[in-house]
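> Okay, handing you the structure first.
What follows draws every value from the coordinates through simple rules; no lab data is involved. From a predicted model like this one, the values you see are computed outputs, not experimental measurements. Backbone-built Cβ (ideal geometry, glycine too); neighbour counts: all protein chains shown.
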């Protein structure tokens with residue numbers, strides 16, 4: 001980890017791994033907490049013409065801590081017929097998947113958890129790891145021994161697998177344009193690049209890959225099972241879908257994983273399309289010196305919060321699509337669009 | 001917009017046509033001007049009356065179906081003082097409009113949407129074995145209404161596809177809306193409106 | 001070939017048996033699903049038993065009765081004014097509307113008519129009850145479909161209407177304001193101007209809902225063509241109110257019944273829709289709220305002066321007779337069949353409540369739909385448990 005070279009301390013490999021895990025968890029919890037407070041408590045309340053939590057801390061900022069405390073002190077319940085091992089394992093799998101996502105995001109030129117020089121699979125690994133959460137959701141749905149949970153789990157499986165494809169295809173367009181799978185390489189390509197010779201904007205792929213960006217964000221919304229794609233947790237039908245039987249600490253894990261995933265996908269979208277942690281190189285050579293290692297994470301955080309806002313804004317505004325309409329949307333509209341995007345990108349890449 | 005007189009005329013015309021179709025089975029009619037028209041049919045012609053009304057006379061809208069128990073309640077208005085013996089009450093059955101010879105009567109209302117005409121129908125239910133033909137083959141909506149009437153009054157609807165309890169739990173015994181079925185709340189706890197006066201304590205000067 | 005011990009064999013058999021038990025209980029082939037009685041979607045304790053094949057409903061049956069309070073039996077031990085209090089609680093969202101048909105039936109039997117000012121105010125409060133009730137429906141249908149925001153706007157704007165009802169009658173939810181022969185009190189000072197402002201707010205709310213929900217493609221995709229009820233079925237089952245008008249039947253009791261209320265003194269329109277699907281039912285109700293607010297405006301402008309109570313004896317004994325009065329309540333057609341024997345209280349009251357008939361069509365309309373559509377259809381039929389169960 002780069003801090004080792006900065007602080008000029010020799011940290012053995014196992015120490016570095018522990019630091020990475022702790023740092024990753026810290027990033028995850030920090031972002032999840034901010035997203036929950038800002039958007040789930042405050043933004044939605046303002047949109048619904050109410051104030052939201054105001055009692056716990058100034059303007060309700062400690063509400064999240066209060067909620068965490070509340071969930072932690074609840075009784076550890078199992079349904080009688082539940083398959084205990086799988087029941088306990090499911091939330092952990094979902095959280096691990098999200099955690100792995102955070103590990104792959106580069107936060108600065110030297111601020112990363114996985115060294116890009118040796119970690120060349122980049123976005124491929126990220127997409128692969130994000131589909132592990134499907135397993136966790138299916139396990140939760142089945143092992144709860146509850147018909148509602150089962151229905152939620154089955155719906156989730158179908159939906160999440162269906163929307164993996166548009167996401168992957170949208171990313172392929174970015175990879176073609178950047179020429180590398182390496183996430184750090186993609187960020188650098190955006191910031192070093194130029195649009196038709198105009199250097200001052202860099203080359204954020206959101207401009208040239210606008211369709212890809214749109215598809216990615218929609219697919220991310222579906223991957224997070226947020227409205228309009230929240231059939232698996234359809235609150236007015238299935239009570240809480242696959243999460244119905246969970247309470248206490250396990251529910252807290254699901255809860256944190258849900259909002260951390262939102263942050264993670266927003267992070268990946270920022271890295272792929274919005275230029276990641278960097279500013280265009282034409283504004284000054286930022287990569288020398290350590291300034292970017294501090295500004296970079298902050299910049300990336302801003303972009304993450306912006307994208308998460310869009311995700312949650314859509315969540316609180318739309319009704320939900322029915323399962324078959326949802327599948328039709330993925331297979332008949334998004335995937336052909338993404339394939340077309342790849343074709344056009346490939347042609348243009350060769351031409352220009 | 002039709003006036004009250006026009007509506008009365010149309011109702012009278014409908015009753016006439018019904019009488020023409022049913023002949024002897026139409027036992028009595030009653031017209032309350034400006035308020036409605038009541039018609040009583042013979043018990044065995046209940047289903048026929050429904051069919052005639054729906055298919056021949058165009059009364060497509062099924063409003064409701066219920067029953068009336070004409071026995072005056074032996075509990076009065078539930079205000080009996082439990083410390084006193086129950087007072088004597090008349091058990092004479094006095095039916096209302098269009099008369100009637102039995103304790104129970106089934107009451108139904110159907111409506112003609114095109115002509116804005118409604119008819120209230122009554123039919124006697126035999127005392128020995130309370131049963132009437134079911135209207136479900138004629139008006140599908142009568143299903144729930146007949147189930148409720150059966151569970152509340154005990155009137156069997158012959159030909160009903162699925163006569164079982166609607167509101168009450170399966171093991172419930174008795175028919176609650178019958179007049180001889182008491183309102184348990186008033187039996188369990190005497191009505192609070194009875195004047196509740198403490199007797200004067202013994203030995204008070206001047207009072208006895 | 002490994003030799004497994006007896007113990008291992010036994011544990012293997014036991015785990016197979018456990019699996020078999022779980023499979024039988026879960027019954028994923030042809031699953032029977034109970035929606036309710038405790039469920040976020042049903043407006044109260046309604047239980048719907050569905051037999052599913054995957055996500056499709058093979059048959060469904062609503063089971064009411066979890067809130068049966070025995071109203072018809074209770075009315076037999078009450079005096080006529082006491083029944084008003086009782087009857088408020090049938091449709092508790094627009095509850096002034098429940099009192100009116102009963103009072104009108106009693107007045108028919110007594111052969112008296114409330115003075116014009118009282119009739120006017122009755123109609124006013126009736127329409128306000130309708131607005132309060134249906135505004136909730138407009139927001140609530142969004143929640144059933146997943147749009148969580150419009151319902152907050154609905155509650156917020158409904159507060160203003162409830163404030164007006166409270167200012168006039170003293171009760172937000174259960175006004176208990178109607179009396180045989182007129183009303184309990186006159187309107188407070190300034191009420192008429194405030195109500196005009198509230199009606200403007202109601203109309204802007206309707207515009208907002210039209211934009212937010214009716215114009216939303218996802219809402220249309222979820223409600224168009226879902227739960228179509230053709231005209232003949234609607235008439236047979238006794239569907240009433242907006243459900244009937246959304247199936248194309250042009251029938252509104254306010255216009256077609258001759259009652260001593262002030263609807264015929266206003267100029268208003270009856271809205272129908274030919275489709276008969278869930279979208280139509282929502283659309284008709286939205287137009288009706290707007291129309292109601294216009295009716296209220298007209299009534300506010302033409303309020304006659306005069307007494308609000310006719311000459312009625314202090315102890316009311318209604319003469320012998322039978323009367324049937326039905327009005328166009330927010331949920332549909334609500335009627336009372338009152339049998340009186342010249343006593344202090346009624347001999348028998350049959351309460352014809354709209355939701356009872358509206359929900360009886362559920363087993364017909366829910367066959368072959370998907371589980372999410374079950375929720376949509378029930379939401380669009382709009383029932384209130386107190387109305388079904390009485």
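> If you fit an axis through the alpha-carbon atoms of helix C:371-381 and take the longest principal axis of the Cα set of chain C, what angle between them do you get, 0 to 90°, nearest 10?
10
> At what distance in nm do the modelled label points of residue C:63 and residue A:46 sit from each other, each positioned 7 Å from its Cα along Cα→Cβ?
Computed distance between label sites residue C:63 and residue A:46 equals 4.8 nm.
> So what is the calculated 222 nm ellipticity per residue for chain A, using -39500 (n - 2.57) for each DSSP H run with n of 4 or more, over all residues, to the nearest 500 deg cm²/dmol?
Calculated from helices alone, the mean residue ellipticity at 222 nm is -20000 deg cm²/dmol.
> Can you give the average number of partner chain beta-carbon atoms within 10 Å of each beta-carbon in peptide B:59-67, as a whole number?
6
> Determine by what factor the alpha-carbon radius of gyration of chain C differs from 2.2 N^0.38 Å, reporting the quotient.
Working it through for chain C, the quotient is 1.16.
> Here is a follow-up. Kindly express, to the nearest 10 degrees and within the range 0 to 90, the angle between helix A:249-269's C-alpha long axis and the longest C-alpha principal axis of chain A.
Its long axis makes an angle of about 20 degrees.
> So, R0 is 30 Å and r is the distance between the beta-carbons of residue A:14 and residue A:74; what FRET efficiency does that work out to, to 0.05?
0.30
> Can you give me the Rg/Rh ratio for the stretch A:3-351, using Cα atoms for both radii and the Kirkwood formula for Rh?
0.98
> Out of C:48, C:315, C:359, any idea which swings most in a Gaussian network model of chain C, alpha carbons joined below 10 Å?
Evaluated over chain C, the most mobile residue of the options is C:315.
> Among A:173, A:296, A:340, which one shows the biggest mean-square fluctuation in a GNM of chain A, springs joining Cα atoms closer than 10 Å?
For chain A, modelled as a Gaussian network with Cα springs under 10 Å, the answer is A:340.
> Could you list A:350, A:168 so that the one with the fewest beta carbons within 10 Å of its beta carbon is first and the one with the most is last?
Ordered by Cβ neighbours within 10 Å, fewest first: A:350, A:168.
> If you don't mind, another one. What is the order of C:155, C:126, A:213, B:172, fewest Cβ neighbours within 10 Å to most?
B:172, C:155, A:213, C:126
> Which of A:15, A:275, A:23 moves most in a GNM of chain A, Cα contacts under 10 Å?
Per the Cα network of chain A with a 10 Å cutoff, A:15 tops the list.
> Give me the number: length gained by fully extending residue C:197 to residue C:256, i.e. 0.36 nm times residue separation minus the C-alpha to C-alpha distance, one decimal in nm.
Using 0.36 nm per residue and subtracting the Cα-Cα distance, I get 18.2 nm.
> With a 10 Å Cβ neighbour count serving as the proxy for reagent exposure, in which order, fewest first, do C:66, A:242 appear?
C:66, A:242
> Further, regarding this structure: May I ask you to work out the translational diffusion coefficient for the protein assembly as shown at 4 °C, viscosity 1.567 mPa s, via Stokes-Einstein with Rh from the Kirkwood sum over Cα pairs, reported in whole µm²/s?
Result for D is 40 µm²/s.
> If you bin every alpha carbon distance in chain B into 5 Å steps from zero, what whole percent lands in each bin?
1, 6, 13, 15, 15, 13, 10, 8, 6, 4, 3, 2, 2, 1, 1, 0, 0
> Right, something else. What's the average, rounded to a whole number, of partner chain beta-carbon atoms within 10 Å of each residue's beta-carbon in C:139-151?
Counting other chains' Cβ atoms within 10 Å and averaging over C:139-151 gives 5.
> Would you mind checking the tilt of helix A:147-178 against the longest principal axis of the Cα atoms of chain A, expressed as 0 to 90 degrees and rounded to 10?
Orientation of helix A:147-178: about 0 degrees from the principal axis.
> Further question on the same structure: Mean residue ellipticity at 222 nm from the helices of chain C, using -39,500 (n - 2.57) per DSSP H segment of n ≥ 4 over the full residue count, to the nearest 500 deg cm²/dmol?
One gets -15500 deg cm²/dmol as the mean residue ellipticity at 222 nm.
> Place the peptides C:76-82, B:150-156 in order of packing, highest mean first, counting for every residue the other Cβ atoms within 10 Å and averaging per peptide.
Most protected by this proxy first, the peptides run B:150-156, C:76-82.
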